[in-house]
1. Tell me which residues, restricted to region 15-41, are over 23 Å from A61 (Cβ atoms) and either open to solvent by less than 30 Å² (accessible area, probe 1.4 Å) or not charged (D, E, K, R) (or both).
2. Of all residues in region 115-135, which are within 22 Å of the chain's Cα centre (by Cα) and within 10 Å of the ligand (Cβ to nearest atom)?
3. Out of K117, K125, K121, I need the residue that is within 23 Å of Y85 (Cβ to Cβ), in a loop (DSSP other than H, G, I, E, B) and either open to solvent by 50 Å² or more (accessible area, probe 1.4 Å) or among the polar types (S, T, N, Q) (or both). Which one?
4. Within region 67-90, is there a residue that is among the hydrophobic types (A, V, I, L, M, F, W, C) and not in a strand (DSSP E or B)?
5. Just give me the residues in region 99-112 being closer than 27 Å to V20 by Cα and more than 8 Å from the ligand (Cβ to nearest atom), in sequence order.
6. Name the residue, out of F159, F172, F181, that is hydrophobic (A, V, I, L, M, F, W, C), on the phi > 0 side of the Ramachandran plot and open to solvent by less than 50 Å² (accessible area, probe 1.4 Å).
7. Output the residues belonging to region 1-52 that are assigned to a loop (DSSP other than H, G, I, E, B) and in contact with a helix residue (DSSP H, G or I) (Cβ under 8 Å, 6 or more places away or on another chain).
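The values are calculated or read from the model by the stated rules, or taken from the named source; none is laboratory data. Computed from a predicted structure; not experimentally measured. All Cβ positions, glycine included, derive from the backbone under ideal geometry; neighbour counts span all protein chains shown. To get the accessible areas, we keep the full protein, side chains included, count just its heavy atoms, and leave off ligands, DNA and RNA. Shrake-Rupley method; radii C 1.70, N 1.55, O 1.52, S 1.80 Å.
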Amino acid sequence: MANVRFRKTNADDYDEVIAVREHLYDGLDYIKDMYHHFLKTETGFAGYINNIMVSFVFAAAIDDNARVSVRAARVRKGYEGQGIYKKMRQYCMMNLPTKANTMLLTVSPKISEKLLKGPAKLILKRNVLEYTTTKTSLKPLLVSKQNSTLPMHVDKSYFHDVILSQNSKRHFFPENKIVVFSVPYELMSANVERIFSQTDILASCSDAKQWEFDNGIYPKMISACTSHQCEFGTMIYIDLFGFIGDEKMTSDHIHAHLLRCVDGSKENIALYLTYQLIEDNETLQRILSKLRGKKTCEQVFHCIETSVLQ
Ligand SMILES: CC(C)(COP(=O)(O)OP(=O)(O)OC[C@H]1O[C@@H](n2cnc3c(N)ncnc32)[C@H](O)[C@@H]1OP(=O)(O)O)[C@@H](O)C(=O)NCCC(=O)NCCS
């Protein structure tokens, strides 16, 4: 492999970062829209060969600095398969202000199988349903929901109570992690600020008493949503925690997020919904088909913890 030189990136590197790799993920890549936003909470790392930026990744120390999470990784075409991504991950670990020695990755089952042959551990799997729809078909469907009692927006302190409550841990997070926008977080206070900077959190709590967790009263569902513009149009990313078989509740969460996102969206909309692995998704599929959506993919993603320093 040619000699790769790595460095941190900043806002001025935007054009070069975008040019590393275009048209990724069938036009759903978030880098163009999210680069500046992510720079507030993550560190960008780029690799150079002969003054050409050949690779990029975002990395951040999470879980109170115990782990590093990486995302948005890309290597320029023509430079893949030479170990650049692996070297870049090592560089991230050594150049973040953390002593973490493990890294979290969200990958496909195929990549997971490969990584698990090395020094890696499977932390959890989550189901994903992907749909596409349009703003024109969604808007009239959402108008009827505008005045209904939809799940409430929660603040940081409420969310903090949710993730630390024993009851809600059992109910929402059986894997003992919360996976938001593809990053698996430990259920701890140190992650709250970061999760809030990237997502909107809703909870179903029609009654004030449902704010009391450890008396056995807790909301029935929690959901997180992030949306971004991309080549395809607008991507709306929703993570659901709770029993998705409850059609009204699940549908209310999805509608509430869509109501907030759709005004600023482009005509083509891609929905990416994640939910607990064991759950039957018949109800979810019914809800999504009522949104005049077309299913484009059903898959499972794997969260892997690995040491890249060996
Ligand atoms: C995925 C990608 C970053 C790999 O870059 P690369 O420089 O070719 O990777 P390397 O040569 O360093 O390969 C390192 C190892 O990582 C593995 N790997 C491949 N895809 C991976 C992924 N998404 N996550 C983690 N590891 C991956 C490879 O199988 C390889 O393992 P091996 O050495 O046992 O064969 C590159 O192919 C790319 O830009 N793809 C398009 C964007 C993408 O899919 N990004 C995924 C991360 S969000």
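1. Passing the criteria: I18, A19, V20, H23, L24, Y25, G27, L28, D29.
2. Residues satisfying the conditions are L115, A120.
3. The conditions single out K117.
4. The answer is yes, given that some residue of region 67-90 is among the hydrophobic types (A, V, I, L, M, F, W, C) and not in a strand (DSSP E or B).
5. Restricting attention to region 99-112, the residues satisfying the condition of being closer than 27 Å to V20 by Cα are 102-112.
Scanning region 99-112 gives T102, M103, L104, P109, K110, S112.
6. Only one candidate qualifies: F181.
7. Across region 1-52, the qualifying residues are M1, V4, T9, N10, K40, T41.
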